[in-house]
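Chemist: Encoded as structure tokens, here's the structure I'll be asking about.
The values are calculated or read from the model by the stated rules, or taken from the named source; none is laboratory data. Please read all numbers here as calculations on a predicted model, not as lab measurements. Backbone-built Cβ (ideal geometry, glycine too); neighbour counts: all protein chains shown. Protein only, heavy atoms only, side chains kept; ligands, DNA and RNA dropped before computing areas. Shrake-Rupley method; radii C 1.70, N 1.55, O 1.52, S 1.80 Å.
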Amino acid sequence: MEDSLLIVITTVAGIIIGFIIAKIIEKSNVSNLIKNAKKEASSILKDAAHEAESIKKEKILQAKERFIEMKAEHENVILSKDKKIAEAEKRTKDKESQVSNELAKSKKLNQDLEAKLEEYNQRVEAFEKKQQEVDKLNRLQIEKLENISGLSAEEAKAELVENLKAEAKSDAMSFIQMTIEEAKMTAQQDARKIIINTIQRVGTEEAVENCVSVFNIESDDVKGRIIGREGRNIRAFEAATGVEVIIDDTPDAIILSCFDPVRREIARLSLHKLVTDGRIHPARIEEVVEKTRTQIETEIVEVGKRTVIDLGIHGLHPELIKIVGRMKYRSSYGQNLLQHSREVANLCGIMAAELGLNSKLAKRAGLLHDIGKVPDTESELPHAILGMEWAKKYGEKEEVCNAIGAHHDEIEMTTLMSPIIQVCDAISGARPGARRQVLDSYIQRLNDLEKIAQGFGGVKNAYAIQAGRELRVIVDCEKVSDDKASTLSFEISQKIQTEMTYPGQVKVTVIRETRAVNIAK
């Protein structure tokens, strides 16, 4: 136990001694570190002092240089101001000298004016004295004249005025008469000049509308397919289009005959589609004809749009554009109506410009002047009045409406635009070869034939073919029986015979077709 206690005591004593020695060593190290730190701090302070001294000297030098620069700038500013002040003083002195000179001149002018005014007053006094003397002499002369003539001055004056009035009136009437005669001669010359210049500036191609179209085919084998078994295809085609198909010995050609250009064009395009497709039978024919009819209606609108764009006309109602397009498929005395209207529009624009009027409005009226010739349904009104009513309905100006309605003198002309439209319409129609009177009466006769047949009950369609020598009437099989079809043919022929005048004979053919249609579902 004593040994272990001694060991413990020895251990504790060793630990204490070691701790004391460690503290002494640590204290020695700390004192060394403090000495080293103080040495480094003193060295840093010396370096900082040297650097601060050098920076101070540099800043002082910079401040001196800046001071010298600012002093030089200030001196320059002062010199500039002194120079400006000197210039201002010089200008002031110059102005003062000018003012003094002008004052001297004005004093001299005042003196001159006073002298001239005094001289003027003296002259006025002398003039007044002379005027009094002249008035006195004038009164004496008037008194002597009154004694000689036996008339007072007022009576003589009145008589002189009356004589002068009569003489002036006679001269004025003579001058007015000469002026009117000269104006008439000049107006006629100017009018001829304007019309000739207008005609020369509008050159158009004249082409008279025909009533037949030639459809070219690749070979004569196609003719048999178009005719069909026992002629069923050609009958279906003629019934659907109202156009007579003439197939004869003419090589590689089929003739389509119809007075209506729209029906003829529908037939031509439909036949082209059928021949190209190769499928030709009655059902296909009806389908193609209906599609072509829709296509033509779309094309009519496009033609109207192109026409108004070409002529530079804007803001036209869509219905009027459609009517303009329909004019492509109408003719007037053999002259294409759209071509005629375009020509009249150009003539009107040029003539209005020559006369100093609104050329755009004149073009508009010229294009629309014959729209009454293409009605959807028959009307009893003259085409000019019908066209005027359409123009009013679709918002055209009063000048345009009056020009349309008055171009055939159905109504009174109220604007300068109206006679221009009338003259240009006559110019376009009077060109050599532009119109053919006989063709128009022929087309009217065919229209009347179809109209008579369509006036009977149960009639679906009526087509005048073979130049009006045959009238084909297609009836509704549910409304017209076979016996009634025969009676209907007789009644139509009798009405044509009593109401119309025509050369030769008119064959009336009533076609009644029965169809049975069922749909497999």
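Chemist: Output the residues belonging to the stretch 351-371 that are in contact with a helix residue (DSSP H, G or I) (Cβ under 8 Å, 6 or more places away or on another chain), open to solvent by 30 Å² or more (accessible area, probe 1.4 Å) and over 20 Å from I411 (Cα atoms). Please lay out each step first, then the result.
Modeler: Residues of the stretch 351-371 in contact with a helix residue (DSSP H, G or I) (Cβ under 8 Å, 6 or more places away or on another chain): 351-355, 357-371.
In the following step, the residues that additionally are open to solvent by 30 Å² or more (accessible area, probe 1.4 Å) were identified as 353-355, 357-360, 363-364.
Within the stretch 351-371, A353, E354, L355, L357, N358, S359, K360, K363 qualify.
Chemist: Given the condition open to solvent by less than 40 Å² (accessible area, probe 1.4 Å), out of contact with any Gly (no Cβ under 7 Å at 6 or more places or on another chain), among the aliphatic types (A, V, I, L, M) and closer than 16 Å to V324 by Cβ, answer yes or no: does some residue in the stretch 372-383 qualify?
Modeler: Yes, the conditions are met somewhere in the stretch 372-383.
Chemist: Continuing with the same structure: Being free of Cβ contacts under 8 Å to residues at least 24 places away in the same chain, under 21 Å from the mean Cα position of the chain (by Cα) and farther than 25 Å from C258 by Cα is the requirement here; does A353 meet it?
Modeler: yes
Chemist: In the stretch 202-245, how many are at pLDDT 75 or above, polar (S, T, N, Q) and within 19 Å of N447 (Cα to Cα)?
Modeler: Result for the stretch 202-245: 1.
Chemist: Okay, next question. Picking from E319, E299, E396, which residue would you name as being among the charged types (D, E, K, R) and crowded, with 17+ Cβ neighbours inside 10 Å?
Modeler: E396
Chemist: Next question. From (1) modelled with pLDDT under 65; (2) within 30 Å of L269 (Cα to Cα); (3) among the β-branched types (V, I, T), pick out the condition that doesn't hold for I199.
Modeler: So the condition that I199 fails would be (2).
Chemist: Is it true that some residue in the stretch 476-494 is among the polar types (S, T, N, Q), out of contact with any strand residue (DSSP E or B) (no Cβ under 8 Å at 6 or more places or on another chain) and open to solvent by 100 Å² or more (accessible area, probe 1.4 Å)?
Modeler: no
Chemist: For the stretch 1-15, what are the residues that are open to solvent by 90 Å² or more (accessible area, probe 1.4 Å) and part of a helix (DSSP H, G or I)?
Modeler: E2, D3, L5, L6, I7, I9, I15
Chemist: Among the numbered conditions (1) free of Cβ contacts under 8 Å to residues at least 40 places away in the same chain; (2) open to solvent by less than 20 Å² (accessible area, probe 1.4 Å); (3) not small (G, A, S), tell me where I227 comes up short.
Modeler: Status for I227: all satisfied but (2).
Chemist: If I go through the stretch 290-308 residue by residue, how many of them are of a type in the set (A, V, I, L, M) and either modelled with pLDDT of 90 or more or farther than 18 Å from H369 by Cα (or both)?
Modeler: Number satisfying all stated conditions: 3.
Chemist: Within the stretch 266-288, track down each residue that is part of a helix (DSSP H, G or I), farther than 15 Å from I234 by Cβ and open to solvent by less than 40 Å² (accessible area, probe 1.4 Å).
Modeler: Once the filter is applied, which keeps residues that are part of a helix (DSSP H, G or I), farther than 15 Å from I234 by Cβ and open to solvent by less than 40 Å² (accessible area, probe 1.4 Å), the stretch 266-288 yields I266, L269.
Chemist: Going through the stretch 337-350 one residue at a time, which ones are in contact with a Lys or Arg (Cβ under 7 Å, 6 or more places away or on another chain), farther than 15 Å from V423 by Cα and open to solvent by 10 Å² or more (accessible area, probe 1.4 Å)?
Modeler: Within the stretch 337-350, L338 is the sole residue that qualifies.
Chemist: Considering the stretch 482-507 alone, what residues qualify as being touching a residue at least 24 places away in the same chain (Cβ under 8 Å), not in a strand (DSSP E or B) and not β-branched (V, I, T)?
Modeler: D482, K484, A485, S486, L488, E491, K495, E499, M500, Y502, G504, Q505
Listed here are the residues, each with its yes/no results for (1) touching a Leu at 6+ places or on another chain (Cβ under 9 Å); (2) at pLDDT below 85.
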{"site": "S331", "(1), (2)": "yes, yes"}
{"site": "L337", "(1), (2)": "no, yes"}
{"site": "S341", "(1), (2)": "yes, no"}
{"site": "Y394", "(1), (2)": "yes, no"}
{"site": "A406", "(1), (2)": "no, no"}
{"site": "L416", "(1), (2)": "yes, yes"}
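Chemist: Which residues, taken from the stretch 453-489, are under 14 Å from T509 (Cβ atoms) and of a type in the set (A, V, I, L, M)?
Modeler: Scanning the stretch 453-489 gives A453, V459, A462, A464, I465, L471, V473, I474, V475, V480, A485, L488.
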